[in-house]
Amino acid sequence: MKDHLETAPVWDAVRQTERCPFCALRSMIEKQSVERFLGGAVMEPDIRIRTNAAGFCSPHHRMLMAQKDYHGYALMMDTRLKEARAQAAPVLSALAKGSLFGGRNTDKAARKLREITSRCLVCESMRDHVKAYRETFFRLYREDGTFRAAFAQGHGVCLNDLPELLEEAGKRLSGEQQRGFLEAVSNTALQSLETAQQDLDALCSSFHVGSEHKNNPRCRGALERGVNLLRGSTFETEELQP
Ligand SMILES: [Zn+2]
Ligand SMILES: [Zn+2]
């Protein structure tokens with residue numbers, strides 16, 4: 001991964017005007033990742049070793065189920081459960097026998113059990129890829145004036161992605177470029193927040209009897225867009241556009 005991740009997805013994410021470019025990238029990676037862990041991958045030993053060891057978080061289990069590949073999913077879960085049981089069983093047996101009774105011992109048991117379900121392969125893949133795409137983003141920003149202009153015209157970065165982007169900008173851009181970046185990233189965020197506020201105001205008004213906003217297309221998805229802008233992609237936005 002690292003710097004050699006292709007630039008096309010970053011360009012696409014900056015050019016689209018529906019949502020935060022990093023949320024757009026994250027959603028793309030999430031979909032690809034969920035699809036990758038089912039299908040043919042279920043039969044690939046190295047992927048099975050990884051899914052057995054790490055498993056998935058609740059939201060990504062829901063996405064895996066939504067793929068409707070019940071046979072592949074069942075095979076994967078069968079061996080994942082086996083491995084989780086193998087880790088949990090000694091702890092549970094020790095608890096049952098009373099050999100992990102009391103205070104620090106029971107806390108240790110709790111910690112061990114918590115560790116069994118502390119990872120998610122999709123979340124880890126999203127985190128690693130977004131980090132690599134951020135590097136690609138800053139490389140394009142440094143080298144390509146067209147990219148800088150597209151970013152300045154694009155959708156604002158959400159408040160979930162903004163802090164990390166600012167910290168990274170301090171390391172990856174220097175002098176005038178950093179100043180220009182801070183101006184662009186702040187102006188687009190302000191603009192997107194203002195638009196989200198107007199859309200939510202319209203949605204709130206639309207509930208009043210006889211409201212002029214009853215059929216205002218901007219009300220559609222306003223709630224979801226408002227949440228996404230604060231917390232990162234929480235709701236899918238494909239059908240949220242006004
Ligand atoms: Zn975002
Ligand atoms: Zn996850």
From the option list 169, 189, single residue qualifying as within 16 Å of ligand 1 (Cβ to nearest atom), out of contact with any Gly (no Cβ under 6 Å at 6 or more places or on another chain) and closer than 17 Å to residue 14 by Cα is 169
Select from the stretch 131-158 the residues that are surrounded by 14 or more Cβ atoms within 10 Å (Cβ to Cβ) and hydrophobic (A, V, I, L, M, F, W, C) and list them in ascending order. 132, 137, 138, 140, 147, 150, 151, 152, 157, 158
Members of the stretch 25-58 that are under 16 Å from the mean Cα position of the chain (by Cα), surrounded by fewer than 18 Cβ atoms within 10 Å (Cβ to Cβ) and away from ligand 2 (no atom under 15 Å from the Cβ): 28
Look through 199, 128, 161 and report the one residue that is touching a residue at least 24 places away in the same chain (Cβ under 8 Å), surrounded by 16 or more Cβ atoms within 10 Å (Cβ to Cβ), farther than 17 Å from residue 16 by Cα and of a type in the set (Asp, Glu). 199
Within the stretch 59-71, how many residues turn out to be of a type outside the set (A, V, I, L, M, F, W, C) and crowded, with 18+ Cβ neighbours inside 10 Å? 1
Output for the stretch 106-153, where each listed residue is of a type in the set (S, T, N, Q) and more than 15 Å from the chain's Cα centre (by Cα): 106, 117, 118, 136, 146, 153
On the given criteria, is residue 10 surrounded by 11 or more Cβ atoms within 10 Å (Cβ to Cβ) and more than 16 Å from ligand 2 (Cβ to nearest atom)? yes
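Since every read-out is calculated from the coordinates, none of them should be taken as a lab result. Because the structure is a prediction, the values reported are computed rather than measured. Positions of Cβ are backbone-derived with ideal geometry, glycine not excepted, and every protein chain shown enters the neighbour counts.
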